[in-house]
1. Looking at Glu53, Glu42, which is the one that is of a type in the set (Asp, Glu) and at pLDDT below 95?
2. Could you look through the stretch 83-104, keep only residues that are touching a strand residue (DSSP E or B) at 6+ places or on another chain (Cβ under 7 Å) and not charged (D, E, K, R), and pick out the one that is surrounded by the fewest Cβ atoms within 10 Å (Cβ to Cβ)?
3. Suppose we filter the stretch 292-314 for residues that are of a type in the set (A, V, I, L, M), crowded, with 19+ Cβ neighbours inside 10 Å and assigned to a loop (DSSP other than H, G, I, E, B); how many remain?
4. Just to be sure I understand, how many residues within the stretch 260-277 are more than 22 Å from Leu334 (Cα to Cα) and touching a residue at least 12 places away in the same chain (Cβ under 8 Å)?
5. Looking at the structure I just gave you, is Asp284 buried (at least 17 other Cβ atoms within 10 Å of the Cβ), under 28 Å from Ala31 (Cβ atoms) and acidic (Asp, Glu)?
6. Got a number for residues in the stretch 89-134 being touching a helix residue (DSSP H, G or I) at 6+ places or on another chain (Cβ under 9 Å), part of a loop (DSSP other than H, G, I, E, B) and of a type in the set (A, V, I, L, M, F, W, C)?
7. Kindly indicate whether any position in the stretch 239-246 is at pLDDT 95 or above, more than 26 Å from Arg137 (Cα to Cα), in a helix (DSSP H, G or I) and of a type in the set (D, E, K, R).
8. With (1) more than 27 Å from the chain's Cα centre (by Cα); (2) surrounded by 12 or more Cβ atoms within 10 Å (Cβ to Cβ) as the list, and Lys197 as the residue in question, which single condition is left unmet?
Amino acid sequence: MSTQTGWSRGYPVGEPYPAAWHAFQSPAHLAAACALMGVAWEVGPETPMQIAEIGCGSGYTANVLAAGNPKAQVLGLDYNPAHIAEARSMAAEARLTNARFEATDLAELDGAELDRLPEFDLVTVHGLWSWVADPVREGVLRLLRRRLKPGGVVLITYNALPGAGGALGLSRLARGALRGAGSTAAGIDAARDIVQKLVAAEAQHLPPSTWRALMTGEISGARAGYLLHEFITDHWRPCFFADVQEAMATARCEFVGSATLDENFPTMSLTLAQQEIWHAAPDDTARQLVLDLCVPRAFRRDIYVRGLRRVPRDAAVAAIPLASASHAKGARKLRTQAGEAELPPQIIEPILAALESGPETIGALLSLPGCGSVTPPEALAMLVGSGSAMPLWSASGTGAAPARHFNAVAARRLTPHGTGSGRMALASPALAGGLAVDAMELAIADLAARAPEGGVAVEPLLRGLLPPGAEPPEEMLAHLREQIGFLLQNRLPVWRSLGIV
């Protein structure tokens with residue numbers, strides 16, 4: 001099986017990387033994370049931002065950002081020309097004039113070429129750093145040194161040590177099996193077979209991990225492009241936080257905190273004994289190592305800023321507007337690295353009831369009766385971390401037309417891939433990005449947005465969901481009706497509040 005060419009630099013280019021969106025990539029979320037850490041990032045709804053996504057793949061995230069940011073200019077850079085062609089195709093169909101894509105080898109991009117790029121307010125480097133060779137990493141740093149604005153923010157994600165260390169042997173094993181096969185499908189089957197046999201034989205150095213679960217079938221539905229991305233690159237290397245921090249320092253970028261909000265609270269991530277060690281650590285670098293040694297995760301989502309300036313944290317967080325993320329009833333749970341906790345209903349219920357009426361700032365929510373015992377940072381982490389609320393970029397709802405057109409295009413192009421990924425998005429200017437959804441939600445929201453007066457009901461949406469002439473079994477229809485009914489009751493109000501419908 002060949003997934004590489006002479007120009008691939010040891011990276012699989014034969015299978016496209018599947019489209020994916022993550023809520024932490026939204027500027028609204030990143031701005032909230034900066035406020036949570038008491039760090040200034042002077043951007044807002046009226047800022048004509050410049051955004052770059054390094055390693056944009058097929059351009060889905062960059063296109064979501066462009067659709068949700070009508071005033072922004074978004075540049076996607078990727079090494080694979082097939083990715084760039086797909087990204088441009090989607091942008092053209094969605095009529096996104098503020099999205100641009102370039103096939104670029106960062107290892108060879110020189111200073112003159114870099115200086116033709118704009119200065120960026122935000123650069124995202126998601127799912128790239130751990131997978132590429134040193135010359136490409138240096139190319140990323142060169143771009144940051146020359147084109148990241150003073151005060152600009154970087155999101156960089158990577159497989160982190162020591163949590164990812166247990167997957168090194170599995171990665172080498174799977175890479176050999178994949179490369180020894182005659183096709184992608186045969187290679188994946190061969191890799192899964194040997195991993196499953198070794199796990200059954202209690203191999204000591206194949207500990208539980210996401211990677212092992214992908215091979216054993218505990219995690220299903222992963223597409224071929226994703227599996228090849230994870231397992232067949234020559235350069236996959238998990239990293240210690242301190243090494244990434246040192247590299248980012250060469251671009252004069254300082255660590256802000258984690259885009260996973262609860263990880264910024266030792267009380268939410270560590271046991272009491274671990275917290276004691278964390279507090280005794282001499283500096284933030286040492287504290288991050290303590291965190292990485294103690295928490296059961298192998299992936300970091302780090303935020304850096306070029307020119308760190310402090311702002312009063314509580315005041316900055318209190319000013320953040322929140323919107324309801326779901327109108328579903330019942331207990332709300334916060335899942336952190338330390339475990340799962342049910343949020344106190346006497347505080348959460350009045351807050352959620354208020355959000356159902358419309359967006360509110362965190363400060364206004366905490367002024368509700370009985371809510372004053374919670375600090376603004378705690379409220380932000382609890383509400384966003386539990387999936388109960390999300391930070392807004394703009395409450396005005398202006399600029400919704402480009403986002404709705406993009407959502408229609410995305411629904412046509414992406415929903416045939418299935419309903420289980422949970423990695424798609426509904427673009428919204430209220431979020432300056434997208435609301436994470438699965439394919440069913442994407443399809444129903446698009447149908448609802450285009451429905452005539454009175455057409456947002458279960459039966460009209462069910463008919464729009466089915467191919468012309470299709471006559472599924474009644475059992476399937478009943479299941480679809482139940483799903484659509486749930487979405488109309490619990491998600492449609494959210495979509496309306498964000499200008500999606």
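1. Among Glu53, Glu42, only Glu42 is of a type in the set (Asp, Glu) and at pLDDT below 95.
2. Restricting to residues being touching a strand residue (DSSP E or B) at 6+ places or on another chain (Cβ under 7 Å) and not charged (D, E, K, R), the top hit is Ala103.
3. Result for the stretch 292-314: 1.
4. In the first step, residues of the stretch 260-277 are kept if they are more than 22 Å from Leu334 (Cα to Cα); the result is 276-277.
Restricting the remaining residues to those that are touching a residue at least 12 places away in the same chain (Cβ under 8 Å) gives 277.
Residues flagged as more than 22 Å from Leu334 (Cα to Cα) and touching a residue at least 12 places away in the same chain (Cβ under 8 Å) within the stretch 260-277 amount to 1.
5. no
6. Qualifying residue count, the stretch 89-134: 8.
7. Checking the stretch 239-246: not a single residue is at pLDDT 95 or above, more than 26 Å from Arg137 (Cα to Cα), in a helix (DSSP H, G or I) and of a type in the set (D, E, K, R).
8. Checking Lys197 against (1) more than 27 Å from the chain's Cα centre (by Cα); (2) surrounded by 12 or more Cβ atoms within 10 Å (Cβ to Cβ), the one that fails is (2).
The values are calculated or read from the model by the stated rules, or taken from the named source; none is laboratory data. A quick note: this is a predicted structure, and the numbers were derived from the prediction, not measured. Glycine gets a Cβ as well: all are built from the backbone with ideal geometry, and neighbour counts include every protein chain shown. Protein only, heavy atoms only, side chains kept; ligands, DNA and RNA dropped before computing areas. Shrake-Rupley method; radii C 1.70, N 1.55, O 1.52, S 1.80 Å.
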